[in-house]
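Below: one structure, written as C-alpha cells.
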Amino acid sequence: ATQARPDTEAEPWRETLSLGTSGEPGYYLATFDSRGGVLSELRLGRFYNKNGLDPQQKEDPENWVQLLSEVNTPSGMQSSLGLQSTSSSEPMVGFPLDQVHWQHEVLEEFGVTVGVQFSHDTGRGLSLTKTLRVQPNSYDLTLDIELRNSIPEWAGRQPRLIFTPALGMPASADDAYYLEPSAGVSWEQDGELEVERQELTIGEQEGESFPPTRGIRWAGMDSKYFAVLARPDAATRGLVSGAGWRSVYDLGWVAEHPIDPQKSLEENKENDPVNGWRHVTCDLDLLPSLPGPDGGGAKMTFKIYAGPKSSALLEEHDPSLLSLVDGDLGFFSGIAATLLAILAFFHGILGNWGWSIICLTLTVRLALFPFNRRSQTAMARHAKKMKRVQPMLNELKEKYKKDPQKQRSEQARIMQEEGAFPPLGGCLPIFVQIPIFFGLFKALRVSFDLRQAPFIGWVKDLSEPDRLMRLDWDLPLLGTVEYLNVLPPLMVFLWILQQKVMPKPTDEQALKMQKMMMWMPIVFGFFLYNYSSGLSLYMITTSLFGVLEQTVIKKIWPIDDSEQPKKKSGFMARMAEMQKQAQKMQEMQKAEKQRAQQKGKRKKR
C-alpha cells in the first residue's frame, strides 16, 4: 500500500538563487527544491564552459561551469545534499525524506542571499533541519544537519541515515584518456591520508562500500578540473560510519536518445538503454545519537568545497584536499608537484603559461645536461673503441666459426683485454629522465592552471589541442579528423629530425634498431594528435633542445672521444673473467669425461 503523506508536509517550492557576491570566489547560481530539501543544480561563477566569451556572455549563467545537477531516476528525482532513511531510522522518519516536501527559508545578510534552510517535522517525534550557507570570499559552503527528538524513549538511539553530498557532476574536459567524473573518499590511517576513487563506467550498474568505516576526511565527486567534496568537522567525523559509491540510472538521457527502429543493433549501440547508467555518486552513512526532549539537537556539520581543483586553492581551504590532486598525479606525484611549483614560479615572472612551459622544459633539460654529456662521452669513446676492436672480433668469428663456444671465449678475452664492454653509465640519463618525463607528463595533463590558458596566436587553450581550423574529414582507418592541429605534426617532424642528427651506432644491431625507431615518432604522432597543446609544447621544446645539442653545442664544445687508459678492474671485466673460468671448468670436465670413457673401453678389451 502507498504510504500516506504526512500532514506536516510543506507546499512545493523550487527556486534558483544567486549565492554570494558577484565577482568574488564562492559566487554560485543554485537551484533548490523543497522535495527532499535538496540542491538540484549548482553553477560556479567566474569559470566558463568555453573560451572566447564576451562580457555579456560571461554574465549568462548558462555559460558558467556546472558543478551539480539533478538526475531523473526510476525511483524519482535524485539531487545533492539529499538524506534517505534506512530500516533503523524509518520508524522515526515515516514518509521517505527524499520524497517529502520540506519547509524552506531563504537566508540573507546585508541584502545578499547567503543560503537556504530546510526543515521537516516527521510528525512522529523527530524533526530535521538542513542549513546550507556560503562563506565570504571562499569556495567553502557550510552544511549543518540537525535532528531534534521529542520522544523520551528514543534518547540515545542512533538512526542510520544516508547522505549524498554530490550528484550529477558532468565531465569538465574532452579528454578520452582521463575518465571523469569520479566518486571518492579520503580517510586517515596510521597517520597517513588514503584516497580511493571510483570512475564512471557508462552502461554498468555497480556499487560497493569504500574501505574506511571511521576517520573519513572528505567524500564527494570530482571531474578533471572541478570538485565538490564534503568534509565533516572533528565532532561529526565520529558520527560518519562509512562511505560507498553507486552508479545512477538517468531516465532523462534515455528519453533523449531513443532507439531508431530503422537502424541495426550496431548502429543503435550508443543509444542502448543500458547506457542510462551514466552517473556515479558517493554516499555517507550517518549515525547521529539522538538527545532527549530537553537535550537540544544532534548536530552534524560539513564544510563543502565546491570549486576548482587548483592545488593552491585546495591547500588554502584544507590541506587534506591536496590528496585529491596527488591521486591525479599518480606514482610520481612528488616529482610532478615539484615541477608544477616551478611552472607556477615562471608564470609569476612571465605571466603566460605557454612560455612558462617552455622555460620549465629548458630548466629540466639543462639540469639533465651533465648526465647526458657524461653518457654521450662514454658512448662516443665506446663507439670509437669498438670501431678499432671490431676487425679483431670479425677475425675470431671467421677463425672459430665451427666452434661457437671457443669463438665466444676468445671474443670475451679480446673485449676484456681492450676494455670494450658497454659503459653502464650510458644508461644513467634514461633512469633519471623516466620519472621526470612521467611526472611532467602528468603535471601538464591535469594542471588546472592550463585550463583555458592561451599561449600565442591561435593557441587559445593549453589544456586542449591547438585547433587552427575546422576540417571534419572522414579518413579511412583514422576516423573523423575534426580540426587541423599544427603542433602535433611539428612535434613529429622535430622528433624525426632529432633522430636524424643522432650519432650513428657502429654496432650493426644497434643501427637496425635506430632505423626501426625512426617510425616511432609517426606512430606516436597519431596517438597524441588530439592531446593538449601544452604537452605538445613541452615535447617540441625538448626536441628542439635535443637538435640544438647535437648540431650546435657539440660543434662549440666537441665531445672528447679519445680512448682512456684501461681500468684494472670493472664489473663487466669481472663478469668476463667469471665466464672465462666457467668455460675452463666446462672444458676440464669434458676432458675428464672423455678420459673416463676411454679407460672404460680398455677394460672391456
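Label sites at Thr480 and Met513, each approximated as a point 7 angstrom past Cα along Cα to Cβ, lie 4.3 nm apart. Label separation (Met392 vs Val106): 9.3 nm, computed from points 7 Å beyond Cα along the C-beta direction. Descending by average beta-carbon neighbour count within 10 Å, the peptides 223-232, 94-103 line up as 223-232, 94-103, the highest first. Which links in Lys58/Lys309; Lys387/Lys512; Lys504/Lys555; Lys224/Lys442; Lys387/Lys555; Lys406/Lys504 stretch past 19 Å when you go from one Cα to the other? In this structure, Lys58/Lys309; Lys387/Lys555; Lys406/Lys504 exceed 19 Å between Cα atoms.
Going from the residue with the fewest nearby Cβ atoms within 10 Å to the one with the most, Lys309, Lys590 rank Lys590, Lys309. Treating each Cα of segment 2-46 as an identical point scatterer and summing with the Debye formula, the log10 of I(q)/I(0) at q = 0.15 Å⁻¹ comes to -0.49.
Kindly provide log₁₀ I(q)/I(0) values, in the same order as q = 0.10, 0.13, 0.14 Å⁻¹, from the Debye equation applied to equal alpha-carbon scatterers of segment 347-556. Evaluating at q = 0.10, 0.13, 0.14 Å⁻¹ gives log10 I(q)/I(0) of -0.59, -0.86, -0.94.
Taking other Cβ atoms within 10 Å as a rough exposure proxy, Leu290, Leu161 sort from fewest to most as Leu290, Leu161.
Its Cα gyration tensor gives segment 200-287 an equivalent ellipsoid; the semi-axes, largest first and in whole Å, are 36, 12, 9. Kirkwood analysis of the Cα pair distances in segment 14-309 returns a hydrodynamic radius of 20.1 Å. When the helices of the chain are scored as -39500 (n - 2.57) per DSSP H run of n ≥ 4 and the total is divided over every residue, the value at 222 nm lands at -11500 deg cm²/dmol.
For segment 14-309, give the magnitude of the charge dipole about the Cα centre (Cβ charges: +1 Lys/Arg, -1 Asp/Glu; no others), in debye to the nearest 20. The partial results should precede the final answer.
Values: 25 positive and 43 negative charges, 155 e Å.
Approximately 740 debye in magnitude.
As a proxy for reagent exposure, Ser119, Ser150 were ordered by neighbouring Cβ count within 10 angstrom, fewest first; the result is Ser150, Ser119.
Once backbone amide H atoms are built at 1.01 Å from N, Tyr483 has Leu471, Asp472 as its partners under 5 Å, excluding neighbours fewer than 5 places away on the same chain.
Just to check, using Stokes-Einstein with a Kirkwood Rh over alpha carbon pairs, what's the diffusion coefficient of segment 62-210 at 37 °C and 0.692 mPa s in µm²/s? Diffusion coefficient, whole number: 178 µm²/s. Basic side chains Lys and Arg get +1 at the Cβ, acidic Asp and Glu get -1 at the Cβ, and with that the dipole of segment 347-556 about its Cα centre reaches some 1060 debye.
Sparse packing (at most 11 other Cβ atoms within 10 Å of the Cβ) combined with a DSSP loop state is found for the following chymotrypsin sites (Phe, Trp or Tyr not before Pro) in segment 140-207: Tyr177. Of the complete DSSP H runs in the chain, those spanning 18 angstrom or more by Cα along the long axis with a mean Kyte-Doolittle score not below 1.0 are 333-350, 428-446, 487-501, 533-548.
Three semi-axes describe the equivalent ellipsoid of the chain; taken as square roots of 5 times the Cα gyration tensor eigenvalues and ordered largest first, they are 64, 32, 24 Å.
Solvent-free Debye calculation, one equal scatterer per alpha-carbon of segment 269-397: log10 I(q)/I(0) at 0.15, 0.18, 0.19, 0.22 Å⁻¹ equals -0.98, -1.13, -1.17, -1.28.
FYI, it's all coordinate maths here, none of it is from the lab. Source: prediction; values computed, not measured. In this analysis, Cβ positions are derived from the backbone assuming ideal geometry, glycine residues included, and neighbour counts consider all displayed protein chains.
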